[in-house]
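Take a look at the structure set out below.
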Amino acid sequence: MGRKYNFLAIVVALVLTPVMVDAAPPAQIAFTSERDGHQQIYVMDADGKNQRRLSNDIFLNWEPSWSPDGERIAFTSTEAKDTERKRPQIYVMDADGKNRRRLSSRFIKDAEWEPSWSLDGKRIAYTSSGAMDIAGGHWRIYVIDTDGKNRQRLSNDAVDDWHPSWSPDGKRIAFVSSRDGKGHGIYVMDADGSNQRRLTDNPSREWNPSWSPDGERIAFVANMERNWDIYVMDADGKNRRRLTRNPAPDIDPSWSPDGKRIAFVSTRDGNFEIYVMNADGARLVRRRTKDHSDDIEPTWFDPAFAIEIAPFSVSPVHKKFTMWGWLKQVDR
């Protein structure tokens, strides 16, 4: 007798719609560590688990920056043909550490570092010294296409500009400058370099601007009370408030893609380690690395918030189907 599907099982399978069960890979934090002898790029799950090394060579590698789709990481490296000088340059590699390639200037006298991806994944902002051995040279903000073409200078002030951070909407770039005679402060400009203006107006030194995912706030580091702490302000520079209050220096803020947490670096346990706190302050601070060497420069990526580069759209969260019920086959 031929095989026949059980009618009731078919009805159950049709009525009970497949349930989407979250199977997204965990959020990742890329960072720099000296645990294996010299600076290399590492990655870990956002809870601190599964720490592993991505770059593996004799050169210094640091300052990782995720592409919006999480497929690549831009970083700074000393690799150069002139091994005696080893000027830092911008490189890109796949998220698994493979396919490393040099992106920025081919002029060996240029030192270039601090990469920051644009939201559309087409450009990278970074800092360049130009010919750093020329007297009177200054650091400038540049952008370059991710294929290494169309290198453009955005800032050209008589003092140093550095540490660019691209806004989530891709329209602005925050950066640090020592112009205006007020010490190091946080500035912002349009993505084409126009409309440069200062956001902070304090005598303290301020560094490390980092945009919140909604573009409404900027986290940064300031030395307001004789200690480096994490602060946050509105994107127009208003409503400045302090987040950390530990006697140890706290630096390198990086927002989680959902805007609820901030990763940062602190020496509160003896050496530079990576911590995570709520974005509204230092409550629920959790240490994520526990190595005896310095771990610095965390940068966050979550596949659930990934942005497709081509075509440009929000990437769906990785899901898997789980069927409630099953088709029961019986023989007749």
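Do you know the relative contact order of the range 183-279, to the nearest whole percent, from alpha carbon pairs under 8 angstrom that are 6+ apart?
On the way: 210 pairs, mean separation 17.0, N = 97.
With pairs under 8 Å counted, the relative contact order is 18 percent.
For the listed residue pairs K86/K182; K98/K149; K238/K290; K149/K238, the alpha carbons are over 25 angstrom apart in K86/K182; K238/K290; K149/K238.
Remark: the K238-D280 segment gains 13.5 nm on full extension, using 0.36 nm per residue and subtracting the alpha carbon distance.
For S116, the accessible surface of its heavy atoms amounts to roughly 20 Å² (probe 1.4 Å, protein chains only, rounded to the nearest 10).
Measure off, as a whole percent, the carbon and sulfur share of the 1.4 Å-probe accessible area of the range 168-267, all protein chains present. The partial results should precede the final answer.
Details: 1810 of 4210 Å².
Roughly 43 percent of what the probe reaches on the range 168-267 is carbon or sulfur.
Heavy-atom accessible surface of H38, to the nearest 10 Å², is about 50 Å², with a 1.4 Å probe and all protein chains retained.
Sorting F31, F305 on solvent-accessible area from highest to lowest, probe radius 1.4 Å, gives F305, F31.
Spin-label model, R53 to H292: label points 7 Å out along the Cα-to-beta-carbon direction sit 1.6 nm apart. Rounded, prolate or oblate for the range 198-286? Axes are the square roots of the Cα gyration tensor eigenvalues, ordered a ≥ b ≥ c, and the cut-off for rounded is a/c under 1.5. Oblate, because a/c is 1.5 or more while a/b does not exceed b/c. Neighbours of S177, meaning other residues whose beta-carbon lies under 9 angstrom from its beta-carbon, give a summed charge of -2 when Lys and Arg score +1 and Asp and Glu score -1. Judged by the gyration tensor of its Cα atoms, with axes a ≥ b ≥ c, the range 130-259 is oblate; a/c meets the 1.5 cut and b/c is at least as large as a/b.
Rounded to the nearest 20 debye, what is the charge dipole size of the range 151-270 about its Cα centre when +1 sits on each Lys and Arg Cβ and -1 on each Asp and Glu Cβ? Walk me through the numbers before you get to the answer.
Values: 19 positive and 19 negative charges, 39 e Å.
So the magnitude is around 180 debye.
Counting only protein heavy atoms and using a 1.4 Å probe, the accessible area of L199 comes to about 20 Å².
The values are calculated or read from the model by the stated rules, or taken from the named source; none is laboratory data. None of the values given here were measured: they were computed from a predicted structure. Reconstructed Cβ throughout: ideal geometry from the backbone, glycine too, with neighbour counts over all protein chains shown. SASA here: full protein model, heavy atoms, side chains in, ligands and nucleic acids out. Shrake-Rupley method; radii C 1.70, N 1.55, O 1.52, S 1.80 Å.
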